[in-house]
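Okay, so here's the structure we're looking at.
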Amino acid sequence: MDRFVNAILKHRKTVVIVFLAIAAVCVVLQMFVGIDYDLVDYLPKEAQSTKALAIMNQEFAQSMPNASVMVKDVTLMQAKETKRSLAAIPGVTQVLWLDDVFDIALPLETGDADTIRGFYRDGDALFSVTIAKGMEKPACAAILVLIGADGALTGEAPDLVSVQNATVAEVLKAAAILVPIFLLILILSTTSWIEPLLFLAAIGISILINMGTSVFLGRISFMTNSVSPILQLACSLDYAIFLLHSFSDNRKKYPDVAEAMRHAVRESMSTIAASAATTLFGFLALVFMKFGIGSDLGVNLAKGIVLSFISVMVFLPALTLLLYRLVDRTRHRELMPSFQNVDRVLSRIAVPMVLLVALLVVPSFLGQRQTSFTYGNSIASANTRNERDSRAIEAVFGKSTVVALLVPRGEVMKERDLSRDVGQLEHVTAVVSYAEQVGTALPPEFLDEGIVDRFYSANHARIIVYTDTPQEGDVAFRTVESIQAAARVYYGDAALSVGPSASLLDMKNVVKTDNTMVNAVAVVAIFLVLLLTFRSLLLPLFLLLTIETAIWINLSIPYFTGSPINFIGFLVISTVQLGATVDYAILLTTRYRVHRSRMPKREAMHAALGENFRSILVSGATLAAAGFTLFATSSNPAISGLGLLLGRGTLLSVLMVTCFLPGLLILFDKAIRRTTYKADFFGPAKAGLPMAKAGIPLEEEHED
């Protein structure tokens, strides 16, 4: 360790130059990182909709309809001409309309009323459009030009374009808000105008390197691209604060700044490593999610924590020694209270807080298990054209979505019977299949290849089902399950379904197992870290109970308020909040044990809170600010939902650590001593008083 630290300090200029050069290269590399905006791509390979989508992409020229286009005030012939114009747009591979399910040369009264109203109503025409993957942006722009201001465009493809357009602008907006907030918090908590810039420089360098090295992962999700830099900054800023505070303390002991930094690195290494380890394992737990977004986010966040740790332990000492004179010249008085006597206030609520938590813990645990979720990824803002167009189409045609069934090819009679059975299901408005549109008597070989390719590949037949449901929700999911059940009657497990509702249903089913698995992995991993850190059986349990209770309360609020939350936020927040805020509990408990070795329990807690309340407050404020900023700036429900849960969860964790944990440690002081290896707690014998004179029984030798 000494040789390592000496090398860093001796070659400080080289270290800084190397880090700056790597960061500059990574800024360039970041431009080549692919961003994936489609959550469907992260469903597990064994999900039935993933299998169906793979088959459709491999065997069919046209994929699923992913956009709905409404044109107002047109005749049937004008609508047919619009269909031709839509089909001619680059990137549009298929357009389905009324003439695909009904001969529009016949009077409309002779057709099925529900089917006709699904495509043409009161002079307005609704087209189902398929846009090729990767062509969403130019194709949607061309469609909007074609249909004009009176037309409407909605669906997965335009939603994807909205997410793409919004994400970059919103990330920059969040950064523009957060950096000044972080600077203000750091200025208030330090005594130099330059120190906050050192903190941000150390973590900022690691963020740039993290973002650039993602190029070696291929593509990352829009969620990771938006959230990872902000979470990395908020979660690892503490590391820089710990190091520079230790450096400041050691400068009072050692006049030589290099010697002071050498001791600061050695002393803070274990604390920062323990803090980074809990956060790291919390993030790595996300890798165990079947839903790939967890692995994508977990790997990038874990990589970011490791890079932040390296930057703080290598780059920051070198940079600080180069700039320490500037830091000294920009000293200012302390702007934040010391909080040395904060325990006088908190001690009054410690025991009542324990009782209150005891009352809340069971309802909160049960409530968070009943929380309702949303699964879609569309922009929720009412000010977007997507949302206005969606309401316009819904006002005329009602809710609508498309499900495609893929079944083995070869038995047209089965396809006909299945199409009729599905067509009779509740909420199904139309069924488009070869058997229904062409019939069973005419072999495909006698038809135009373009017509056949719409329904058949070499191995599969495709049946398009239109429903009057939204893309998600109980009604939508029950309808998809009914369609799947009807298909299984004829084809068993060989029948597959794909479409927005089918994919979201698979996401819902994946969530059930992911949440339990990820939480279990995170809790076990962090418990082991705490066990090794404190060498105690009870302390890890108490620390986990403190943060887990905050998590349960946080996640139960949507249930008790009747507000569904996006499932990604629910899956991610448990591990993020646990990994990021258990550090507060570690910090307080570590200092409590140090003081407990030389003073009674209440005095030890008074000293521990006085020393660490400000650090916990500053760390919690930065993480909460990051969460609430994501919530306020993002129009994407997954990101804004995660932001709200993170901001609220951090505040709850701070409250639990400063108000609940102290009471827990004091109430169970004797049990903690007995279950901790070499506890070395203060007591009469340690104070040099004879036990008999002190009037204390032998078994309470070490109690105050």
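Things to note:
- Here the relative contact order of the chain, from alpha carbon pairs under 8 Å that lie six or more residues apart, stands at 18 percent.
- When the helices of the chain are scored as -39500 (n - 2.57) per DSSP H run of n ≥ 4 and the total is divided over every residue, the value at 222 nm lands at -21500 deg cm²/dmol.
- Mean Cβ count within 10 Å, highest first, over the residues of peptides 582-593, 216-227, 245-256: 582-593, 216-227, 245-256
- Taking a straight Cα-Cα cut-off under 16 Å and skipping sequence neighbours fewer than 8 places away in the same chain, the aspartates and glutamates within cross-link reach of residue 10 are 2, 256, 259.
- 64, 211, ranked by accessible area, largest first (probe 1.4 Å): 211, 64
- Within the set (1) 60; (2) 47; (3) 57, the number that percent of Cα pairs over 38 Å apart takes when calculated for this structure is listed as (2).
- Amide H to amide H, with H built 1.01 Å from N, residue 374 comes under 5 Å of 565, 566, 567, counting only residues 5 or more places away or on other chains.
- Subset of 601/678; 13/303; 133/173; 83/137 violating a 21 Å alpha-carbon distance limit: 13/303; 133/173
- Environment charge at residue 186 (Cβ cut-off 14 Å; Lys +1, Arg +1, Asp -1, Glu -1): -2
- All lysines inside 19 Å of residue 80 as judged from Cα atoms, apart from same-chain residues fewer than 8 positions distant: 72
- FRET efficiency for the residue 169 to residue 351 pair, using the beta carbon distance and R₀ = 45 Å, is estimated at 0.35.
- Under 17 Å from residue 253, Cα to Cα: aspartates and glutamates that are on another chain or at least 8 residues apart: 267, 328
- Additional length obtainable on full extension of the chain from residue 258 to residue 14, 0.36 nm per residue less Cα span: 86.3 nm
- Residue-span extension gain [residue 537 to residue 563] - 0.36 nm each, minus C-alpha spacing: 5.6 nm
- Contour minus Cα-Cα distance for residue 330 and residue 179 (0.36 nm per residue): 52.3 nm
- Rotationally averaged projected area of segment 36-163 (alpha carbon convex hull; nm²): 8.7
- Here the Karplus curve 6.51 cos²θ - 1.76 cosθ + 1.60, taken at θ = phi - 60°, turns the phi angles of segment 525-539 into couplings of 4, 6, 4, 5, 4, 5, 4, 6, 5, 9, 6, 9, 7, 7, 4 Hz, with x standing for Gly and Pro.
- Applying the Karplus relation 6.51 cos²θ - 1.76 cosθ + 1.60 with θ = phi - 60° to segment 280-286 yields 3J(HN,Hα) values of 4, 5, x, 6, 5, 4, 5 Hz, where x marks Gly and Pro.
- Mean Cβ count within 10 Å, highest first, over the residues of peptides 22-28, 159-165: 159-165, 22-28
- Whole-percent carbon and sulfur share, accessible surface of segment 6-155, 1.4 Å: 60
- Degrees separating the helix 412-423 axis from the principal Cα axis of the chain, which is the longest one: 70
- Amide H contacts of residue 94: 130, each under 5 Å away and 5 or more positions distant or on a separate chain (H built 1.01 Å from N in the peptide plane; Pro and chain starts excluded).
- Accessible surface of segment 479-635, 1.4 Å probe: 65 percent of it comes from carbon and sulfur atoms.
- Förster radius 25 Å - calculated FRET efficiency between residue 270 and residue 24 (Cβ-Cβ, nearest 0.05): 0.20
- Once the Cα atoms are used to define both axes, helix 601-633 deviates from the longest principal axis of the chain by about 30 degrees.
- For the chain, accessible area per residue (1.4 Å probe, heavy atoms of protein chains only), Å²: 42
- Net charge in the neighbourhood of residue 516 (other residues with Cβ under 12 Å of its Cβ; Lys, Arg +1, Asp, Glu -1) is +2.
- With respect to the chain, whose longest principal axis is taken over its alpha-carbon atoms, helix 156-189 is tilted by about 10°.
- Estimated FRET transfer efficiency (residue 655, residue 420; beta-carbon r; R0 41 Å; 0.05): 0.10
- With θ taken as phi - 60° and the Karplus curve 6.51 cos²θ - 1.76 cosθ + 1.60 applied, the whole-hertz 3J(HN,Hα) list for segment 125-138 is 10, 10, 10, 9, 10, 10, 10, 5, 4, x, 10, 4, 5, x Hz, x standing for glycine and proline.
- Alpha carbon centroid spacing (whole Å) that separates segment 286-322 from segment 508-553: 21
The values are calculated or read from the model by the stated rules, or taken from the named source; none is laboratory data. As the structure is a computational prediction, the values presented were derived from the model and not from experiment. Cβ sites come from the backbone with ideal geometry, for glycine too, and all protein chains shown count toward neighbours. These area figures cover heavy atoms from the full protein model, side chains too; ligands, DNA and RNA do not enter into them. Shrake-Rupley method; radii C 1.70, N 1.55, O 1.52, S 1.80 Å.
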